[in-house]
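Okay, structure first, notes after.
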Amino acid sequence: MFAGVVGPTLAGGVIKRRPRVMTLLEKMQADASAVQTLQKLRARHGDGLLRLAVPGRSFALVLSPEDVGRVLAESPEPFTPANLEKKKALSQFQPHGVLISEGPERDRRRAWTERALETSRPTHHLAPSVQAKVADEFAALGPGPLDWDTFAPVWWRMVRRVVFGDHARDDQTTTDLLERLRLAANWSYLLPRRRRLREEFLGRVRALLARAPEDSLAGGLAADDEVASQIGHWLFAFDAAGMVTFRTLALLATHPAQRQKARQDLASGAELGYLRACVLDTVRLWPTTPAILRDTTKELDWHGHRVPAGTGLLVFAPLFHRDDSRLSYAHSFVPEIWLDGRAQEEPSLVPFSAGPGECPAKNLVLFTSATVLATMIRDRDYTVDSSPKPGPGRPLPATFDNFSLRLTAHP
């Protein structure tokens, strides 16, 4: 089971995706095999917790949608997001980050993060500034070939301007340092902490923070290691958002009905509600965090079975997002489920996690990605030139590699 489910996820890179491995996993359609394996295990063992044989560690797989809802709703106690493996990995570049904090420190860091990202608001007050920066950068992508190596630099220029301000637009060095730290974080236990590299990265972030203007997310925040550490995670999240945005563009290129609805949404002057739903459904189809991890903080009784304190729990999101034994739309692009209430009825559809540990940047990411897509599809059509082509009328690929995706933009 480990080799077929957890192995490909680790190989592809949990913290930073490895392009060559992702290309191979797409050819193998590794997530399809993983979901089928877990469906068989659930049919054989039931939908309780499935204990995993991990040397020196109590670990279990969550197989029930209802249990997914419970684990995420009851965070951080008794299911802490500060999971042991996660702490080992993320401390490489965000030693003071919310995700690996516990107790009063977590409460304090989560509170200021939510204030900065305006988690409770559908649209951040900096939305006009974000729209202007998106327009500046993405309007320059004219007709012609478009691949990841073309899209990603534009995306990162926009992200640095949104997070730090215009002075950071061309600071590729900071982005590269973070990439190196995240690649090291993929190895979690197996590599020592890159302390010198981390200090160089945090030092550059502190310098950018010190100059951050009011029209940036970092404007007004303290230029210290605690804030710099959390901003490292914001950049991490924006990397995943770029992959989602590029995949969503491919879906809109190959799904004319959804593309038409998105353009109608734009013409109506609505707040990009349909495009946000498109982004949400793309994350459902290809989760950027396939392995959601929690640790139990105390001994629990789980449907009559004892679960020791310190047990690691794994929610493998593709099992639930692509569960064709329960979801009629499992392998289809259906943004409507996020607008008509169907998705909200499923506690295990968690593209941004859920509960108190839900991604605090969810609304900001959805707005930014939707704004980029609005700019790109407003007066351009696209064709997908690479394979597989994620078209309607047949199941969408279970693994979809953004790094090898190629499109052509047509005026």
Among (1) in a helix (DSSP H, G or I); (2) touching a helix residue (DSSP H, G or I) at 6+ places or on another chain (Cβ under 8 Å), residue 67 falls short only on (2)
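Could you please let me know if residue 228 is surrounded by 19 or more Cβ atoms within 10 Å (Cβ to Cβ), over 26 Å from residue 346 (Cα atoms), at pLDDT below 95 and hydrophobic (A, V, I, L, M, F, W, C)? Steps first, answer last, please.
Details: surrounded by 19 or more Cβ atoms within 10 Å (Cβ to Cβ): yes; over 26 Å from residue 346 (Cα atoms): yes; at pLDDT below 95: yes; hydrophobic (A, V, I, L, M, F, W, C): yes.
In short, yes.
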List, please: which pairs have Cβ atoms under 7 Å, are six or more places apart or on different chains, and start with a residue in the range 27-43 that is of a type in the set (S, T, N, Q) and end with one that is surrounded by fewer than 16 Cβ atoms within 10 Å (Cβ to Cβ)?
33/4; 37/1; 37/4; 39/325
Here the residues within the range 33-64 that are in a loop (DSSP other than H, G, I, E, B) and modelled with pLDDT under 95 are 46, 47, 48, 49, 55, 56
Keeping to the range 304-341, report how many residues are surrounded by fewer than 23 Cβ atoms within 10 Å (Cβ to Cβ), touching a helix residue (DSSP H, G or I) at 6+ places or on another chain (Cβ under 8 Å), of a type in the set (D, E, K, R) and under 26 Å from residue 14 (Cα atoms).
1
Which listed residue, of 318, 360, is under 30 Å from residue 84 (Cα atoms), part of a loop (DSSP other than H, G, I, E, B) and touching an Asp or Glu at 6+ places or on another chain (Cβ under 6 Å):
360
For the range 389-411, the count of residues that are open to solvent by less than 10 Å² (accessible area, probe 1.4 Å) and assigned to a strand (DSSP E or B) equals 2
For the range 370-388, name all the residues that are surrounded by 15 or more Cβ atoms within 10 Å (Cβ to Cβ) and in contact with a helix residue (DSSP H, G or I) (Cβ under 7 Å, 6 or more places away or on another chain).
370, 371, 372, 373, 374, 375, 376, 377, 382, 384
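On the basis of being outside any loop (DSSP other than H, G, I, E, B), buried (at least 21 other Cβ atoms within 10 Å of the Cβ) and at negative phi, does residue 349 make the cut?
Details: outside any loop (DSSP other than H, G, I, E, B): no; buried (at least 21 other Cβ atoms within 10 Å of the Cβ): yes; at negative phi: yes.
In short, no.
Look through 284, 294 and report the one residue that is open to solvent by less than 40 Å² (accessible area, probe 1.4 Å), in a helix (DSSP H, G or I), modelled with pLDDT of 95 or more and within 23 Å of residue 119 (Cα to Cα). Working first, answer last.
Working: 294 fails: in a helix (DSSP H, G or I).
Unique residue meeting the criteria: 284.
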Given the structure, is residue 14 open to solvent by 50 Å² or more (accessible area, probe 1.4 Å) and in contact with a strand residue (DSSP E or B) (Cβ under 8 Å, 6 or more places away or on another chain)?
yes
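Does the range 240-264 hold any residues that are small (Gly, Ala, Ser) and within 22 Å of residue 19 (Cβ to Cβ), and which are they?
First, the residues of the range 240-264 that are small (Gly, Ala, Ser): 240-242, 250, 253, 257, 262.
Of everything in the range 240-264, those that are small (Gly, Ala, Ser) and within 22 Å of residue 19 (Cβ to Cβ) turn out to be 240, 241, 242, 250, 253.
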Quick one: residue 24 ticks every box in (1) hydrophobic (A, V, I, L, M, F, W, C); (2) open to solvent by 40 Å² or more (accessible area, probe 1.4 Å); (3) at pLDDT 95 or above; (4) in a loop (DSSP other than H, G, I, E, B) bar one, so which box is it?
(4)
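Take the range 262-281 and flag every residue that is touching a residue at least 24 places away in the same chain (Cβ under 8 Å) and either assigned to a helix (DSSP H, G or I) or among the polar types (S, T, N, Q) (or both). Full working, then the answer.
Within the range 262-281, the subset touching a residue at least 24 places away in the same chain (Cβ under 8 Å) is 262-263, 266, 271-281.
If the condition is that a residue be touching a residue at least 24 places away in the same chain (Cβ under 8 Å) and either assigned to a helix (DSSP H, G or I) or among the polar types (S, T, N, Q) (or both), then 262, 263, 266, 273, 274, 275, 276, 277, 278, 279, 280, 281 are the ones that fit.
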Considering the range 77-134, residues that are among the acidic types (Asp, Glu) and buried (at least 16 other Cβ atoms within 10 Å of the Cβ), and then whichever is modelled with the lowest pLDDT, we arrive at 85
Residue in the range 2-21 that is farthest from residue 179 (Cα to Cα), counting only those that are touching a residue at least 60 places away in the same chain (Cβ under 8 Å) and assigned to a loop (DSSP other than H, G, I, E, B)
5
Consider only pairs whose beta carbons are under 6 Å apart and that are at least six residues apart or on different chains; among these, list those whose first residue lies in the range 302-330 and is over 14 Å from residue 39 (Cβ atoms) and whose second residue is of a type in the set (Lys, Arg) and open to solvent by 20 Å² or more (accessible area, probe 1.4 Å).
309/298
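So if I check each of 252, 181, 266, 221, which one is modelled with pLDDT under 95 and either farther than 28 Å from residue 87 by Cα or open to solvent by 60 Å² or more (accessible area, probe 1.4 Å) (or both)? Even if it seems obvious, please write down each step before you answer.
Details: 252 fails: modelled with pLDDT under 95; 181 fails: either farther than 28 Å from residue 87 by Cα or open to solvent by 60 Å² or more (accessible area, probe 1.4 Å) (or both); 221 fails: either farther than 28 Å from residue 87 by Cα or open to solvent by 60 Å² or more (accessible area, probe 1.4 Å) (or both).
It is 266.
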Residues being under 16 Å from residue 361 (Cα atoms), assigned to a loop (DSSP other than H, G, I, E, B) and aliphatic (A, V, I, L, M) - total across the range 80-135:
1
Determine whether the range 82-104 contains at least one residue that is within 30 Å of residue 299 (Cα to Cα), acidic (Asp, Glu) and out of contact with any Phe, Trp or Tyr (no Cβ under 7 Å at 6 or more places or on another chain).
yes
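The values are calculated or read from the model by the stated rules, or taken from the named source; none is laboratory data. Values in this document were obtained by computation on a predicted structure and should not be read as measured data. All Cβ positions, even for glycine, are placed from backbone atoms using ideal geometry, and neighbour counts span all protein chains on display. Note: areas computed on protein heavy atoms with side chains; ligands, DNA, RNA excluded. Shrake-Rupley method; radii C 1.70, N 1.55, O 1.52, S 1.80 Å.
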